[in-house]
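Please read the structure below before turning to the comments.
The values are calculated or read from the model by the stated rules, or taken from the named source; none is laboratory data. Fair warning: this is a prediction, and the values are worked out from it, not measured in the lab. Cβ placement follows ideal geometry from the backbone for every residue including glycine, while neighbour counts extend to all protein chains displayed.
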Amino acid sequence: KAGVTQTPRYLIKTRGQQVTLSCSPISGHRSVSWYQQTPGQGLQFLFEYFSETQRNKGNFPGRFSGRQFSNSRSEMNVSTLELGDSALYLCASSQIGQGAYEQYFGPGTRLTVT
Amino acid sequence: AQSVTQLDSQVPVFEEAPVELRCNYSSSVSVYLFWYVQYPNQGLQLLLKYLSGSTLVKGINGFEAEFNKSQTSFHLRKPSVHISDTAEYFCAVIRSGNTPLVFGKGTRLSVIA
């Protein structure tokens, strides 16, 4: 079974631009969660989607948004990029949701904002 | 709100020596506990998890962890480490139900030959 894939793996953007990251979950998994990883703040939860609906949301500004498609693939968008948005963005999928179900992580997209 | 404290940000240890990575959590309700490992330029991989039952949990790569409810701890141990264990280790907690994982800040394990 193929793992979680994220594209692109690396991205360089300029302040003020917007960016879209993509995540393809493991086949059969309906829940996709996004996390931001930075050296200062560590791993922080962004949001979770299940069956095309946002089920949970972390404490991030409205510039961060996401969506999920009917095939469970998910995208996250960051508008008006700031230098502080430079981070590794990780996507995780699970069969039904969070809680006891194991989340499988992708390799991440490393975003650099200059 | 729940939180996770990993008491050591860096742990150097010689090859074949034992290691313990410490994790404490705060929560007034039942939780599920996890340890993840992250190798350089990779995502997170689940090492082990505690959901219920036996407080000693065995995971992959020879790691184990013990859930201690009275001390709200979930320390990770390995009796003999290898160079390949060099990585960052994250403790995480989640409340039952559909709530997000909360991660600790991570412990960087460096195994010295």
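State whether the residues of the range A:21-32 include one that is surrounded by fewer than 18 Cβ atoms within 10 Å (Cβ to Cβ), under 13 Å from the mean Cα position of the chain (by Cα) and modelled with pLDDT of 95 or more.
yes
Out of the range A:9-24, which residues are farther than 26 Å from A:F50 by Cα and of a type in the set (V, I, T)?
Of everything in the range A:9-24, those that are farther than 26 Å from A:F50 by Cα and of a type in the set (V, I, T) turn out to be A:I12, A:T14.
Working only within the range A:89-114, note down all residues that are at the interface with chain B (Cβ under 9 Å from one of its Cβ atoms) and more than 28 Å from B:L51 (Cα to Cα).
A:R110
Table: residues versus (1) out of contact with any Lys or Arg (no Cβ under 8 Å at 6 or more places or on another chain); (2) surrounded by fewer than 21 Cβ atoms within 10 Å (Cβ to Cβ); (3) within 12 Å of chain B (Cβ to nearest Cβ).
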position	(1), (2), (3)
A:R55	yes, yes, yes
A:F69	yes, yes, no
A:S74	no, no, no
A:E82	no, yes, no
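Determine which member of the set B:T86, B:T99, B:T107, B:T72 is on the phi > 0 side of the Ramachandran plot, among the β-branched types (V, I, T) and surrounded by 14 or more Cβ atoms within 10 Å (Cβ to Cβ). Can you show your working first?
Details: B:T86 fails: on the phi > 0 side of the Ramachandran plot; B:T99 fails: on the phi > 0 side of the Ramachandran plot; B:T107 fails: on the phi > 0 side of the Ramachandran plot.
On inspection, the qualifying residue turns out to be B:T72.
When you go through B:N41, B:N61 one by one, which is the residue that is more than 12 Å from chain A (Cβ to nearest Cβ), outside any strand (DSSP E or B) and not small (G, A, S)? Show your work before the answer.
On the way: B:N41 fails: more than 12 Å from chain A (Cβ to nearest Cβ).
Answer to the check: B:N61.
Hey, could you check the range B:64-102 for residues that are closer than 20 Å to A:L90 by Cβ and without any contact (Cβ under 8 Å) to a residue 12 or more places away in the chain and say which is farthest from the other protein chains (Cβ to nearest Cβ)?
Applying the filter and picking the extreme gives B:T99.
Considering only strands (runs of 3 or more DSSP E) fully contained in chain A, which possess at least 1 residues that are more than 16 Å from B:T99 (Cα to Cα) and not acidic (D, E)?
On the way: elements: A:5-7, A:10-13, A:19-24, A:31-38, A:42-50, A:53-57, A:64-68, A:74-78, A:87-94, A:109-113.
Here the list reads A:5-7, A:10-13, A:19-24, A:31-38, A:42-50, A:64-68, A:74-78, A:87-94, A:109-113.
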